[in-house]
Amino acid sequence: MVQGTFQSPFYASFEAFYAEDRVRLINFLVAFGAPHADAEDIVQEAMLSAALNWETASINPRPYVRTAVKRIYLRRKGQDQNRAWAEQQHLDAGNTTALFDEDTRHIYDIVRALPEAQREVIAWTIDGYKPAEIAEFTERAVDTMYALRRTARQAIRDKLVEQEPEEGRS
């Protein structure tokens, strides 16, 4: 954070939130499908928005910034529908090497392949939220969140079983 920009004690709570949640928020966005480098930039943009709107955002900051990063990511993704974006997405998908172990990277790759709604509910779930909370933050029905989570989990299980070596099957 730029020194002197936010001097009020009011922003001390934002600084603590930022320090505590930045890495988790990046991981949330990577699970949602963003390349790591883009996730870092998007998180910075969302955190700036949170800081500038801290009076409102501080009421429930974690859902506020997760909703913001999702919107920023989808806006950027929509603006870049050209071939270069798709190629960069593919190249950056493996850029989690230094961040996660092989098994975690494998799961994230499977999650990235899910349809957007399932990917979103799994990203929130990985981040520790329950379907009722996800429904509240995304303004969808609770039953829908349970169904999306169940369908996504089944798709992940199916993909893992499909990728098992033949000798491991009974």
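Taking Ala31, is it loosely packed, with under 12 Cβ neighbours inside 10 Å and either under 30 Å from Ile110 (Cβ atoms) or at pLDDT 90 or above (or both)? Step through it out loud before you land on a result.
Details: loosely packed, with under 12 Cβ neighbours inside 10 Å: no; either under 30 Å from Ile110 (Cβ atoms) or at pLDDT 90 or above (or both): yes.
Considered against the rule, which asks whether it is loosely packed, with under 12 Cβ neighbours inside 10 Å and either under 30 Å from Ile110 (Cβ atoms) or at pLDDT 90 or above (or both), Ala31 comes out as no.
Among all residues of the stretch 40-57, there is none that is surrounded by 20 or more Cβ atoms within 10 Å (Cβ to Cβ) and closer than 23 Å to Ala152 by Cα.
The values are calculated or read from the model by the stated rules, or taken from the named source; none is laboratory data. Bear in mind the structure is a predicted one, so any value in this text is a computation, not a measurement. Note that we place each Cβ from the backbone using ideal geometry, even for glycine, and neighbour counts take in every protein chain shown.
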